[in-house]
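Read the structure below first, then the notes.
What follows draws every value from the coordinates through simple rules; no lab data is involved. The structure displayed is predicted, hence computed values, not measured ones. Neighbour counts are summed over all protein chains in view; Cβ atoms, including those assigned to glycine, are modelled from backbone coordinates with ideal geometry.
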Amino acid sequence: MTSAPGRASLAKDPHDVASMFDGVAGRYDLTNTVLSGGLDRYWRTATRRELQLRSGERVLDLAAGTGVSTVELAKSGAWCVATDFSKGMLSAGRQRRVPKVAGDATALPYADAAFDAATISFGLRNVVDPTAALRELARVTRPGGRLVVCEFSTPVWRPFQVVYLEYLMRALPWVAQRVSSNPAAYVYLAESIRAWPAQAALADILGAAGWAEVTWRNLTGGIVALHHGIRA
Ligand SMILES: C[S@@+](CC[C@H](N)C(=O)[O-])C[C@H]1O[C@@H](n2cnc3c(N)ncnc32)[C@H](O)[C@@H]1O
């Protein structure tokens, strides 16, 4: 979830995004855990529970990166495949015993209705065309199948929202430029979180991309939200 290091701009280009993740793949898991203060584990467990997976189901973990999210999903007994277009991220997770397939979220290498459920954690914000990815997820999920999007969102308690978005997220790049060896990573992370739609707006985007009964649940006061949809 550290996001696309190596860039400071939100003008995303797919090749840039893939190569930037290739560049940070080796330290990705550790950085996430440190930056989130260990909360990443709780957010991943909550994502698995929200999907209500059953043994034997086929599940797509899109933008799976190193497969850390896929391993958590596989604890359910479902068959879970990690898909990502950064070969560096996939190979950094080579020790994780889950199937891995290289593929672009906007042109998935899967047949229609191939999956019972799909999920994307801390990935949709990084996809160049999130609506196209959501449509692709709908295409490869069977009618009645489930989607959970786990993504940074907008804190719900107004005083904290202001502190988080207007102070912490503005301060992060400033601090990173002075102390980090890879400041662009933090600039991008902060910019992309501030630019990302809040809970209700993201729900509308899911609805317009082929997902029905869209609801969401806030985690950690809305720092993260889980959006849930059913394939129409
Ligand atoms: C912040 S990481 C998230 C990894 C993992 N899901 C997790 O929870 O830690 C975002 C991932 O999205 C991937 N990504 C971004 N755009 C993509 C696209 N168009 N197709 C496939 N993967 C993409 C990146 O390569 C990166 O591995």
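The phi-based Karplus calculation (6.51 cos²θ - 1.76 cosθ + 1.60; θ = phi - 60°) puts the 3J(HN,Hα) values of the stretch 12-21 at 7, 10, x, 5, 4, 4, 4, 6, 5, 5 Hz, whole numbers, x for Gly and Pro. Spin-label model, Ala102 to Asp129: label points 7 Å out along the Cα-to-beta-carbon direction sit 2.2 nm apart. Quick check on the stretch 166-232: take the gyration tensor over C-alpha atoms, sort the square-rooted eigenvalues as a ≥ b ≥ c, and tell me if it's rounded (a/c under 1.5), prolate or oblate. Prolate, because a/c is 1.5 or more and a/b exceeds b/c. One decimal place: the segment Leu39-Arg158 gains 40.7 nm when fully extended, by the rule 0.36 nm per residue minus the C-alpha distance. Counting only Cβ charges, +1 for Lys and Arg and -1 for Asp and Glu, the dipole size of the stretch 1-120 around its Cα centre is about 440 debye. Using only alpha carbon pairs under 8 Å that are at least six residues apart, calculate the relative contact order of the stretch 152-222 and give it in whole percent. Answer for the stretch 152-222 is 38 percent. Between the stretch 165-232 and the stretch 91-144, what is the separation of their alpha carbon centroids in Å? Centre-to-centre (Cα) distance: 19 Å. Cross-link candidates for Lys75: which lysines have Cα within less than 17 Å, leaving aside residues fewer than 8 places away along the same chain? Lys75 reaches Lys100.
Across the chain, the relative contact order, built from alpha-carbon pairs under 8 Å that are at least six residues apart, equals 22 percent. Charges were assigned to the Cβ only: +1 to each Lys and Arg, -1 to each Asp and Glu. The resulting dipole of the stretch 63-169 about its Cα centre is roughly 320 debye. Ranking of Cys80, Cys150 by neighbouring Cβ atoms within 10 Å, starting from the fewest: Cys150, Cys80. Ranking of His15, His228 by neighbouring Cβ atoms within 10 Å, starting from the fewest: His15, His228. In this structure, Arg217 and Gln177 have a Cβ-Cβ separation that, at R0 = 35 Å, corresponds to a calculated FRET efficiency of about 0.50. Considering only Leu189, Leu168, Leu108, the Gaussian network model of the chain with Cα springs below 10 Å gives its largest mean-square fluctuation to Leu168. Applying the Karplus relation 6.51 cos²θ - 1.76 cosθ + 1.60 with θ = phi - 60° to the stretch 102-114 yields 3J(HN,Hα) values of 6, x, 8, 4, 8, 7, 5, x, 9, 6, 4, 6, 6 Hz, where x marks Gly and Pro. Ellipticity at 222 nm from helices only: DSSP H runs of n ≥ 4 in the chain, each -39500 (n - 2.57), divided by the residue count, give -12000 deg cm²/dmol. Using R₀ = 22 Å, calculate the FRET efficiency as 1/(1 + (r/R₀)^6) where r is the Cβ-Cβ separation of Ala200 and Glu166; round to 0.05. For Ala200 and Glu166, the calculated efficiency is 0.65.
Each residue of the stretch 40-47 was assigned a 3J(HN,Hα) from its phi angle through the Karplus curve 6.51 cos²θ - 1.76 cosθ + 1.60 (θ = phi - 60°); the sequence is 4, 5, 5, 5, 5, 4, 4, 5 Hz, with glycine and proline shown as x.
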